[in-house]
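The values are calculated or read from the model by the stated rules, or taken from the named source; none is laboratory data. Quantities reported herein were computed from a predicted structural model and do not represent experimental measurements. Methodologically, a virtual Cβ is constructed for each residue, glycine included, from the backbone with ideal geometry; neighbour enumeration extends over all protein chains shown.
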Amino acid sequence: MNYQRILAVAKREWQEIYRDRLFLSLAFVFPITMMIAFAYGLSLDVEDIPIAVLDQDRSELSREYIHCFKDSRYFKFKGYLEHPDEIDELLTTQHIRAAIVIPEHFQSNLLEGRPSPVQHLLDGTFTTRARTVKGYMTAITRAFEKDILINFFAKCLGVPPQRVTEQLTPIKVQIRYLYSQAVESSQSLPPRLMVLVLLVASPFLTVVGIVREKENGSIYNMYASNVSRTEYLIGKLMPYMIIATINAFILWAIAVVMFQAPFKGSAVLFVAATLLYVLCTTLIGLVISVFVRTQVAGVLITAILTIVGGTLYSGVLTPVSMLSEDNQLFCHLLPAMYYTEIVDGVFLRNVGLTVLWPNLLVLAVYSALLLVVGYTKFTKRPKT
């Protein structure tokens, strides 16, 4: 293996990238734009749910019940309704996502010890969010019920409500959120988005750069040269590895500086893991480029594999443990899941090499396998 020839191939590839100013610009602008767009536009928090109320009782207790929702940060009150038909219209046009119908005699039934049904109407289009909203509304209703019972017993027994509260709720639950105390996706999501952006951008650039030589015929110059397969592949990958590495640390800066994501772990571990992941994603592009002859085919295959794999089977948006067993198997077959665990561990959990070394090992093995496949399938005497 001649290092001079490797550097010559790398220099020639970099010159090709530099001459194509649009490609060079996209190489850096595309990942940054994708990161910012996803971080600002994608939220996993279920808050500010638009809600309307049809209050047919118009009593003091019904107003107190409604205020429980008004005062909650999870709901955005859109106003009172006058007729039940308005609910269907507002839900259909998506002006509201939930509605409450309080029947007549709501207060009198409660004061007389009789149950009073309250109807909650939810938009079930987004099933996961609908279940979360149902949980919010149920919790608020249960808290309101508890307040009514406490006031009732306090009045009957002639004791302060605080004493009744202590007797009715002897268990005091203390909740402490670990790793992400703010419990906001605006801080925990941007680091994970690095996984998705690098998985999409790095193979895309590699595929376009390598397959471009097949389309314009310049690769035949390499076929006729004395450059070996190893020298050619390493030289071709070097510029894209450098670009992807620069992008990785730009994305890190965006996550930490712009979105205030906490970085609690080892910088050395993060750099090592990121370099391995960048190598892995770049090699994915290399393997794809070996099997395709046109940029269009390469881009389509890359988009399908990386976007589907990155969004569904990486753990970026949905924890792997919440997926079915079959989907968990797919997750373990892709490198993104392992880097996601490293990013979570370094950014949020402050765990080190003693915990994350299996993930690093898998990324290294994955990279080696991709390199072997790319080397084996690439030949200087392609079939015509």
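Just a yes or no: is a residue in region 352-359 farther than 19 Å from residue 233 by Cβ, assigned to a helix (DSSP H, G or I) and touching a Lys or Arg at 6+ places or on another chain (Cβ under 8 Å)? No, that holds for no residue.
Of all residues in region 244-258, exactly one satisfies the criterion of being buried (at least 18 other Cβ atoms within 10 Å of the Cβ) and over 13 Å from residue 197 (Cβ atoms), namely 245. Only residues that are among the basic types (Lys, Arg) and under 30 Å from residue 261 (Cα atoms) were counted in region 159-189, giving 1.
Among the residues making up region 179-194, those that are surrounded by fewer than 16 Cβ atoms within 10 Å (Cβ to Cβ) and either in contact (Cβ under 8 Å) with a residue 60 or more places away in the chain or basic (Lys, Arg) (or both) are 179, 184.
Among the helices (runs of 4 or more DSSP H) confined to region 1-97, the ones with at least 1 residues that are closer than 21 Å to residue 140 by Cα and charged (D, E, K, R) are located at 60-70.
Out of all the residues in region 87-97, is one or more under 29 Å from residue 319 (Cβ atoms), at pLDDT 90 or above and in contact with a strand residue (DSSP E or B) (Cβ under 8 Å, 6 or more places away or on another chain)? So far as region 87-97 goes, yes, one or more of its residues are under 29 Å from residue 319 (Cβ atoms), at pLDDT 90 or above and in contact with a strand residue (DSSP E or B) (Cβ under 8 Å, 6 or more places away or on another chain). Annotation note: of 261, 272, the sole residue that is part of a helix (DSSP H, G or I) and either in contact (Cβ under 8 Å) with a residue 24 or more places away in the chain or surrounded by fewer than 20 Cβ atoms within 10 Å (Cβ to Cβ) (or both) is 272.
Can you find a residue in region 321-331 that is of a type outside the set (Phe, Trp, Tyr), touching a residue at least 40 places away in the same chain (Cβ under 8 Å) and crowded, with 16+ Cβ neighbours inside 10 Å? No, region 321-331 contains no residue that is of a type outside the set (Phe, Trp, Tyr), touching a residue at least 40 places away in the same chain (Cβ under 8 Å) and crowded, with 16+ Cβ neighbours inside 10 Å.
For region 1-30, taking the residues that are surrounded by fewer than 16 Cβ atoms within 10 Å (Cβ to Cβ) and among the small types (Gly, Ala, Ser), the one that is farthest from residue 213 (Cα to Cα) is identified as 25.
For residue 311, the criteria (1) loosely packed, with under 12 Cβ neighbours inside 10 Å; (2) among the hydroxyl-bearing types (Ser, Thr, Tyr); (3) touching a residue at least 24 places away in the same chain (Cβ under 8 Å) hold in every case but one, which is (1).
Close Cβ contacts (under 6 Å, 6 or more residues apart or on different chains) running from residues in region 365-376 that are in contact (Cβ under 8 Å) with a residue 24 or more places away in the chain to residues that are surrounded by 20 or more Cβ atoms within 10 Å (Cβ to Cβ) and charged (D, E, K, R) are absent. Of the helices (runs of 4 or more DSSP H) that lie entirely inside region 158-229, those containing 2 or more residues that are modelled with pLDDT of 85 or more, closer than 30 Å to residue 313 by Cα and aliphatic (A, V, I, L, M) span 185-216.
Looking across 148, 140, one residue alone is in contact (Cβ under 8 Å) with a residue 24 or more places away in the chain, more than 35 Å from the chain's Cα centre (by Cα) and closer than 29 Å to residue 77 by Cβ. It is 148.
A quick yes/no check of all residues on (1) touching a Leu at 6+ places or on another chain (Cβ under 6 Å); (2) surrounded by fewer than 11 Cβ atoms within 10 Å (Cβ to Cβ); (3) in contact (Cβ under 8 Å) with a residue 40 or more places away in the chain; (4) not assigned by TED's automatic domain parsing to the domain that holds residue 145:
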position: 76; (1), (2), (3), (4): no, no, no, no
position: 85; (1), (2), (3), (4): no, yes, no, no
position: 90; (1), (2), (3), (4): no, no, no, no
position: 96; (1), (2), (3), (4): yes, no, yes, no
position: 101; (1), (2), (3), (4): yes, no, yes, no
position: 113; (1), (2), (3), (4): no, yes, no, no
position: 121; (1), (2), (3), (4): no, no, no, no
position: 128; (1), (2), (3), (4): no, yes, no, no
